[in-house]
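Below is one structure, written out as C-alpha cells; comments come after it.
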Amino acid sequence: MRANSVASACVVVAFALLLAGCGGGGRSMTAQATPASTFQGDQATLLSLNMEWLPVLFPGFFSVGGGGKPTDPVYTNNPDGSQTETYTDSDGTQETWLIAADYSTMTDRLVHPGGGVETQTYILVFNDDGSFDMTETATYPDGSRLDRSLHAPSGTPPGDRLENSQVGKFTLSSGKVLDFTLGQYLLHYALHVDGHEGWTYDLTAPNKAGHEWVDPSRPATGTFTRGTQVTSFALPANPAGTLWRNMTLTAPGGITGTYALAAVLTGTGTVMQSSQLLMSVTWGSDGNVAATYADGHSQIGQPSAAARDFLIDKWLWDLASFGPNPR
C-alpha cells in the first residue's frame, strides 16, 4: 500500500512481510569430505535466504521493485459509502484501491504497462475484545500467490510483548510452497520458514520499539537446519544503524565463515575449516556461489529450487511498493 493511501493506517498494522526461502540444493563436490561436500549448497541457500529476507524486514535495504513514485491519488466517494483511490505511477502502472465504508475489506489492483495485473485483497475484523484479525490473498501476473492471516492481540502488557502473529503460505509460480510463521514483538521479530525441501530457517531480528522495522544497530541471529545438521549464523550489529553489512556462520565439521554483504544480492566471503582456509566465495544476484578452494579448484554452489525461484521472480519484488516491506 502506498504510504499516502487513506487505508495505510489500517494495513500498516499488518505490514506485508514476503516470504522467501531456500534449501540445501547445492551440488556435491569431489575431493571434499563430508560435511564440506554438502556445505557449498547449504551456504548458497543460506546466503540467498538472508539476502532475500533482509529487504523484507528492513525498508529501503534495496531500492529495487515498485512502479516508481505515484501521482497524488484521486479519491471517489461511492454511493454505498466505500471509497475508490486511483494512482498513476511514474512508469505508467495504474493502481486502484477499493476500500469498504467500514474498512472490513480493501482491494488493491495494479495494471502494469505490459498488461500484467496484481491484486491484493484484505479482510479485516475488529473484535469486541480489542483484538484484530486480518486475512490477505495476493496474486501476481506470473501465477505466484500469497495467503496470510494475522492476529493482533488486545492490550499492552509490559515487556517484550507480542504485537501480532502471522501464519501464511507463499506459492511460487513454479509450484514450490513456502510455509511460514512470524511473530512481531515489541523488541524483536521471530520468523520460521519451512521450504518443504528438507530444510527450515529461523531468524530472530531486533525491532525498533514502536516501529515496524528491524534495528541493524543490534545483532540478529538464526539457524538453517537440514536434517540433523544445524548451521548457526549471526548478523553483527552495525553501529551506523543503517543495514547489516556482515554475516558469520558456524557449521558442522569445524566450518566457520565470514561474509561481507553488499546491496542487490551480492557479496564475498571466506570459509575456514579447523582454522585452515577452505574456500573463498563470491555470489551474484542469481544466488549462485562461486567458490575457490585452498587447493585451487573451483566449484559453483546453487541455492535450492525454492530459493532460486523466489529470487528470479521479479514480480514478487514489486511488493516493495506496498507498506513498509520493500524488496
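The values are calculated or read from the model by the stated rules, or taken from the named source; none is laboratory data. Everything numeric here is computed off the predicted structure, so don't read it as measured data. When we count neighbours, we look across all protein chains shown, and the Cβ atoms used for this are built from the backbone with ideal geometry, even at glycine.
If we only count strands (runs of 3 or more DSSP E) wholly inside segment 205-257, which ones have 1 or more residues that are surrounded by fewer than 17 Cβ atoms within 10 Å (Cβ to Cβ), over 20 Å from the mean Cα position of the chain (by Cα) and at pLDDT 85 or above?
Details: elements: 220-226, 229-235, 246-251.
Correct list: 229-235, 246-251.
Per this entry, F126 is not counted among residues that are of a type in the set (F, W, Y), in contact with a strand residue (DSSP E or B) (Cβ under 7 Å, 6 or more places away or on another chain) and under 30 Å from T225 (Cβ atoms). Would you be able to say whether some residue in segment 289-310 is assigned to a loop (DSSP other than H, G, I, E, B) and modelled with pLDDT under 85? Among the residues of segment 289-310, not one is assigned to a loop (DSSP other than H, G, I, E, B) and modelled with pLDDT under 85, which makes the answer no. Scanning segment 258-273 turns up no residue that is part of a strand (DSSP E or B), surrounded by fewer than 14 Cβ atoms within 10 Å (Cβ to Cβ) and over 26 Å from the mean Cα position of the chain (by Cα).
Please verify whether D179 is of a type in the set (D, E), without any contact (Cβ under 8 Å) to a residue 60 or more places away in the chain and within 19 Å of T105 (Cα to Cα), treating the condition exactly as stated. Talk me through it step by step, then tell me what you get.
Numbers: of a type in the set (D, E): yes; without any contact (Cβ under 8 Å) to a residue 60 or more places away in the chain: yes; within 19 Å of T105 (Cα to Cα): no.
So D179 fails the test.
When H192 is tested against (1) in a strand (DSSP E or B); (2) over 15 Å from L49 (Cα atoms), only condition (2) is not met.
Given the structure, is E197 at pLDDT below 85 and either charged (D, E, K, R) or assigned to a strand (DSSP E or B) (or both)?
On the way: at pLDDT below 85: no; either charged (D, E, K, R) or assigned to a strand (DSSP E or B) (or both): yes.
So E197 does not fit the description; no.
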